[in-house]
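Since the structure comes first, as structure tokens, the remarks are kept for the end.
The values are calculated or read from the model by the stated rules, or taken from the named source; none is laboratory data. Remember, predicted model here, so these are calculated numbers, not experimental data. Glycine also receives a Cβ, built like all others from the backbone with ideal geometry; neighbour counts cover every protein chain displayed. Note: accessible area is taken over every heavy atom of the protein model, side chains too, but ligands, DNA and RNA are not part of it. Shrake-Rupley method; radii C 1.70, N 1.55, O 1.52, S 1.80 Å.
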Amino acid sequence: MKLLVLDSSGLIASVALLEDDRLIAEYTTGNKLTHSQTLLPMLDEVIRRTSFNMDEIDAVAVAMGPGSFTGLRIGAATAKGLGLALNKPIIGVPTVDGLAYQLFGVNSLICPMMDARRKQVYTGFYRFHGSQMEVVKEQCAQSVEDTLKQLKEYKEPVIFLGDGVPVYRKEIEEAMGTDAVFAPAHVNRQRAGAVGALAEVYYEKGMWQTADAFAPEYLRKSQAEREREERIHGKSESKC
């Protein structure tokens, strides 16, 4: 199976090519350029250096959200355009699931955290049982405070990763104490390679969509929409 994989859901932009169980190439960058400036040039570079034949891919995999609204739109539009042009299906991988899959096989509870701003995070809880990843708590948007309260109830070590960790590290350490474990640099941000590996599992289960039907999953409204509602109705973020 040949997969083209994109992830522009967060601060990191990442492109990968996978064939069967091999990672052929991965280009991941966290510079300050916008994903609209980086994603397509990264894709072009990966294809050029690997001589990968785009007509031979079986599917396009993409981190489908949650995450940055702008980043998700860029990734979704790119994946959709490629899927339509090549007549290939889209495998949408939940962003937080893809983050957790980087820690394949670990025994501890895993908690990815993506900064959603205003003391909110996109998060979920995961475990591995051998080669099977269990979704203990499905990805959602909620407050950092609620996330840490829920994790403390497990009374066990938790591995934290994601771009929300440096933002809320002090709160994590204060709440979790020695039960807080922080993933190292090579596995603590989004990587298209991990999204692609999980996409292969989904594809085998028939979890894919046509390019025409695919849409990103935002989980919550944009900041502009939320601020407008708060001005009018005084409503705050819902919790999960």
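Given the condition over 24 Å from Y122 (Cβ atoms) and not aromatic (F, W, Y), answer yes or no: does some residue in the stretch 60-80 qualify?
No, that holds for no residue.
Name the single residue, out of those in the stretch 127-181 being in contact (Cβ under 8 Å) with a residue 24 or more places away in the chain and among the polar types (S, T, N, Q), that is surrounded by the fewest Cβ atoms within 10 Å (Cβ to Cβ).
Step by step, filter the stretch 127-181, then rank; the result is S131.
Could you pull out every one of the strands (runs of 3 or more DSSP E) wholly within the stretch 1-62 that has 1 or more residues that are among the small types (G, A, S) and open to solvent by less than 60 Å² (accessible area, probe 1.4 Å)?
Output list reads 13-19, 22-29.
Does L99 satisfy being in a helix (DSSP H, G or I), surrounded by fewer than 16 Cβ atoms within 10 Å (Cβ to Cβ) and not small (G, A, S)?
no
Do we have V93 as within 30 Å of A213 (Cα to Cα), open to solvent by 30 Å² or more (accessible area, probe 1.4 Å) and in a strand (DSSP E or B) here?
It is false that V93 is within 30 Å of A213 (Cα to Cα), open to solvent by 30 Å² or more (accessible area, probe 1.4 Å) and in a strand (DSSP E or B).
How about the stretch 53-100: which of its residues are out of contact with any Phe, Trp or Tyr (no Cβ under 8 Å at 6 or more places or on another chain) and under 26 Å from D179 (Cβ atoms)?
Residues satisfying the conditions are P94, G98, L99.
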